[in-house]
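S.K.: Below are the structure tokens for one structure; questions will follow.
No value in this document is a laboratory result; all are computed from the given coordinates. Remember, it's a predicted structure, so these values are computed and weren't measured experimentally. Glycine also receives a Cβ, built like all others from the backbone with ideal geometry; neighbour counts cover every protein chain displayed.
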Amino acid sequence: MIDYFMWGIGGIMRIFFSQLRKLTWRFFKVCLKLLIMLLGQELFMNKKTELKMRTIARQESQLRISEFVSTVGHDIKTPLTSIKGNIQLLRRRLSTNRLSERPTEINQALTEARELLERTDIQINRLTQFVNNLLESSKISNNTMDLLFEVGELTELVNEVLTNPHYCQPERTIHTHLPAEQNIFILADVNRIKQVIIHYLSNAHKYSELHQPIDITLSEDGKMACIAVQDYGPGIAAREQQKIWERYYRIPNTFTFNGSEVGLGLGLHISAQIIKQHRGQVGLTSKLGQGSTFWFKIPLAETSLNHLT
């Protein structure tokens, strides 16, 4: 009787421990899964936090760089203005001297001085433009570029640029395709739009030979006004056409036919941001060996007024 009882107890214990092992294994697997899930979540949160910290650090770094550029730009611009003023004063004084009344040696020295001052003035203008571009880029990064909107007429604006000798070289042939009896009104910061036209025109002059013409076309495209500047230079490869709008990007191994090869790669970036703030679009059509056409579109005045109301 006792043997049967002990055998029964042993069987129950075996069943109990067998079930206990199964439950323990199941519990272990559940705990393992929970541990893996917790570790995965921890890794994900750490990665997310790391990415967030990198983004914050990058933004802070960009802000510090923009502030530095803005400060340095203003500090450089002040002496440049002073130097330019002194150079212009010297040029005026030299131009009032009567060379015919002086000995030949002095005349030659004065002529050389005038030429040197003229070249220096050109370089000062170029350096001033670099500083202005840096300041503009800093304003764009900090969203502090102020726009003064007013109603302007695009045909008149284009003609203002084309009749200014600072922007159009007399040796260059420029073909204009402007509406004869149609005014194209825009609601925009007129000086900023003029800045974009000047940069497009400057690029066309810089990257094409002097005997090649430049075409400027003004038209309407639906509710948008469109300006296109076409040159007949070497063109731009397809792989570069999106990159050129990026900040500080310059196409490698690019030959300039006119003007300096030195540049910051900011002009097109600034132009694109100006047009973007006017709710417009920029673009480029180009093929190697066939030249390039840079264009931009901005809303007509009526469209802009409707948008504001």
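S.K.: Determine the alpha carbon to alpha carbon distance for each of Lys47/Lys276; Lys139/Lys243; Lys139/Lys297 and list only those over 29 Å.
M.R.: Pairs exceeding the cut-off: Lys47/Lys276.
S.K.: Hand me the GluC sites (Glu not before Pro) from region 140-173 located in a DSSP loop with no more than 12 other Cβ atoms within 10 Å, in residue order please.
M.R.: Values: sites: Glu150, Glu153, Glu156, Glu160, Glu171; in loops: Glu171.
Here the sparse-neighbourhood loop sites are Glu171.
S.K.: From the residues Thr293, Ile174, Ala237, which one has its Cα farthest along the dipole of region 150-309 in the positive direction, the dipole being from +1 and -1 charges on Cβ of Lys/Arg and Asp/Glu about the Cα centre?
M.R.: It is Ala237.
S.K.: Next question. What is region 150-308's relative contact order, in percent, from Cα pairs under 8 angstrom and six or more apart in sequence?
M.R.: Over region 150-308, the number comes to 26 percent.
S.K.: Residue separation times 0.36 nm, minus the C-alpha to C-alpha distance between His166 and Tyr249: what's the value? Walk me through the numbers before you get to the answer.
M.R.: Working: separation 83, 0.36 × 83 = 29.88 nm, distance 2.54 nm.
The span from His166 to Tyr249 would gain 27.3 nm if fully extended.
S.K.: What does the charge count near Ala301 come to, summing +1 for each Lys or Arg and -1 for each Asp or Glu among other residues with Cβ under 11 Å from its Cβ?
M.R.: Values: positive: Lys223; negative: Glu150, Glu153, Glu302.
Residues close to Ala301 contribute a combined charge of -2.
S.K.: Further, regarding this structure: For a label point 7 Å from the Cα of Thr144 along Cα→C-beta, name the residues of region 187-216 whose backbone N is under 20 Å from it.
M.R.: Under 20 Å, as judged by backbone N against the label point of Thr144, lie 192 of region 187-216.
S.K.: Could you list the trypsin sites (Lys or Arg not before Pro) in region 135-193 that lie in coil according to DSSP, counting only those with at most 11 other Cβ atoms within 10 Å of their Cβ? Don't jump to the answer; show the numbers that get you there.
M.R.: Details: sites: Lys139, Arg172, Arg192; in loops: Arg172.
Answer in residue order: no site qualifies.
S.K.: What is the set of long-range amide H partners of Ile184 at a cut-off below 5 Å, with H atoms built 1.01 Å from backbone N?
M.R.: Leu154, Thr155
S.K.: Just to confirm a number: summing +1 for Lys and Arg and -1 for Asp and Glu over residues other than Ile87 whose beta-carbon lies under 12 angstrom from that of Ile87, what do you get? Provide the component values of the computation, followed by the final result.
M.R.: On the way: positive: Lys84, Arg91, Arg92, Arg93, Arg114, Arg119; negative: Glu118, Asp121.
Taking every Cβ under 12 Å from that of Ile87, the sum is +4.
S.K.: In addition: Please name whichever of Leu157, Thr144, Ile186 sits farthest to the positive end of the charge dipole of region 136-186, dipole taken about the Cα centre and charges placed at Cβ: Lys and Arg +1, Asp and Glu -1.
M.R.: Most positive-ward Cα: Thr144.
S.K.: Shifting gears a bit: With charges set only on the Cβ (+1 for Lys and Arg, -1 for Asp and Glu), what does the dipole of region 135-244 come to about its Cα centre, in debye to the nearest 20? Mind showing how you got there, number by number?
M.R.: Numbers: 8 positive and 15 negative charges, 91 e Å.
So the dipole magnitude of region 135-244 works out to roughly 440 debye.
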